[in-house]
Amino acid sequence: TIVCTGIVVIAYTVSGGTDAVSVTQKYQIGVIFAGMLAAAIVLILRLPDALSMGDALRVAGGFDKLEAVDFNFDLSERYNVWSGIIGGVFLSLSYFGTDQSQVQRYLSGPSLRESRLGLMFNALFKIPMQFCILLLGVLLFVFYQFVLLFVFYQFEPAPVYFNATAWEQAKSDGAADQLTAFESAYAAAHSEKAESIRAWLDAERAGDGVTAETARSSALAALERSRAIRAEAITTLQQTNERAKAEDYDYVFITFVVDFLPHGLIGLLMAVFFAAAFSSLAAELSALGETTNVDFYRFVVRRDAPEHHYVTSSRGLTIFWGVIAIGFALFASQQENLIEAINIIGSLFYGVVLGMFVVAFFVKHVGGWAIFWGAIASQALIFVLYFSGVFDFSYLYYNMIGCVGCVALSIALQSTVRRTRKRRET
């Protein structure tokens, strides 16, 4: 799937360039929103008749799945208000302000006004869009931060492990008895949890707070037992199938789609997955091809070639980066959580890139030599901090450290150069 997807995206990106990326993304975003809306409607309709939306949110809140804001100031916690505001601001500034995959959309706008509107729309629309996606998630799966689907799986039988292919493969490899026993134990805990939730909601409606709290505690205890059973089952699974991942986040939504959506909508949601992949990959390939062509090839390899030559070289470089991207995707597919892995990798570099832009725009007395070595030193510092593990803090802070470090070191190096020149002149 990764290889075929990559080939398709390479083909239309190379043949159509930025225009092809822009046009196809308009249709892709339409498909994505239509699919997510359809999934949300089906999910709500599949909730038990006695369960209202208020009940669903009450259950999600009772299981601490609506605690999105954490004010605890702990640098080692990956996600809290402080890492989001401090590190997230620098990450967003770099991504939306310097990343060519985003900036190329503003540069290719028909006018300055429309480019500004696009940037503002991107900024204002992203937060409510993310909120709706996370809300769709918090009701899907009990263990992770997703809401409507979370409650759904409190009442519908949920699989012990959502990657059904890996589960069935392990059964056929000799672990059938053990995994079947886990399924039975998990189903029993799940049934007890569902009954406790029903009792909890009934007590809430009746205004009986004491009974409601007792039922909620029983539901939480059943949830902990199901988590323990699941953890033990995954350990057994990995002993049989070494390629099975410990986490199955990426299989939760697709399991819901395949098991509970009607035919037709399943196809629409499959189209959503491919549209999202196409949109992301096409933007990256176009950006990589153009920046390599303009910033490297035209200045280092071939300086005075005609324009049609650079068009051809840009297409060749796009193909090159497409092959690299396919290889990277094949490797990244082995990671536990793809979105988090991508953000970690980005945070190692985005801060330094942002720092170079900050110096170029706002500290114009700093020369190229100083900012080059300031960026190299800052990037080395980030690598040392990350790989040494000496300081245990959220990866989001690397964006701030890289930016501030690059700016400070560049200014310091420029000041050193100036003092050295003055002494020589004297």
Practice prompt. Before rounding to the nearest 500, sum -39500 (n - 2.57) across all DSSP H runs of length at least 4 in the chain and divide by the residue total; then give [θ] at 222 nm in deg cm²/dmol.
Written response: -26000 deg cm²/dmol
Worksheet item: Once you put a point 7 Å from the Cα of residue 340 and another 7 Å from the Cα of residue 15, both along the Cβ direction, what distance in nm separates them?
Response: 4.0
Worksheet item: Using the alpha-carbon atoms, what tilt in degrees (0 to 90, nearest 10) does helix 2-46 show relative to the longest principal axis of the chain?
Response: 30
Fill in: Cβ charges +1 (Lys, Arg) and -1 (Asp, Glu), total dipole of region 60-124, debye
440
Response to the item:
If one compares the long axis through the Cα atoms of helix 265-292 with the longest principal axis of the Cα atoms of the chain, the angle in degrees, nearest 10, works out at 20
Practice prompt. Mind checking which lysines have their Cα closer than 26 Å to the Cα of residue 422? Skip sequence neighbours fewer than 8 apart in that chain.
Written response: 364
Worksheet item: Is the shape of the chain rounded, prolate or oblate, going by the alpha carbon gyration tensor and its root eigenvalues a ≥ b ≥ c, with a/c under 1.5 for rounded and a/b larger than b/c for prolate?
Response: prolate
Worksheet item: Using a 1.4 angstrom probe and counting only protein chains, how large is the accessible area of residue 133 in Å², to 10?
Response: 70
Worksheet entry | Highest-first arrangement of 352-359, 122-129, where packing means the average Cβ count within 10 Å | 352-359, 122-129
Practice prompt. Kindly state, as a whole number, the per residue volume in cubic angstrom of the convex hull around the alpha carbon atoms of region 252-293.
Written response: 49
Practice prompt. Kindly report, to the nearest 10 Å², the accessible surface of residue 180 as traced by a 1.4 Å probe over protein heavy atoms only.
Written response: 60
Worksheet item: Ignoring ligands, DNA and RNA, how do 26, 245 rank by accessible area with a 1.4 Å probe, largest first?
Response: 26, 245
Item to complete: Compute the signed sum of charges (Lys and Arg +1, Asp and Glu -1) over the other residues within less than 11 Å, Cβ to Cβ, of residue 318.
Response: -1
Item to complete: Work out the length of the dipole vector of the chain about its Cα centre, built from +1 on the beta-carbon of each Lys and Arg and -1 on the beta-carbon of each Asp and Glu, and round it to the nearest 20 debye.
Response: 2340
Worksheet item: If you count, for each residue, the other Cβ atoms within 10 Å and average over each peptide, how do 113-119, 211-217, 90-96 line up from highest to lowest?
Response: 90-96, 211-217, 113-119
Discussion item. Angle check, please: helix 368-388 long axis (alpha carbons) against the longest principal axis of the chain (alpha carbons), in degrees 0 to 90, nearest 10.
Written reply: 30
Discussion item. How would region 285-426 be classified by its alpha-carbon gyration tensor: rounded, prolate or oblate, with rounded meaning a/c under 1.5 and the a/b versus b/c comparison settling the rest?
Written reply: oblate
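The values are calculated or read from the model by the stated rules, or taken from the named source; none is laboratory data. Remember, predicted model here, so these are calculated numbers, not experimental data. With ideal geometry, Cβ positions are generated from the backbone for all residues, glycine too; neighbour counts draw on all protein chains shown. With ligands, DNA and RNA removed, areas are computed over all heavy atoms of the protein, side chains included. Shrake-Rupley method; radii C 1.70, N 1.55, O 1.52, S 1.80 Å.
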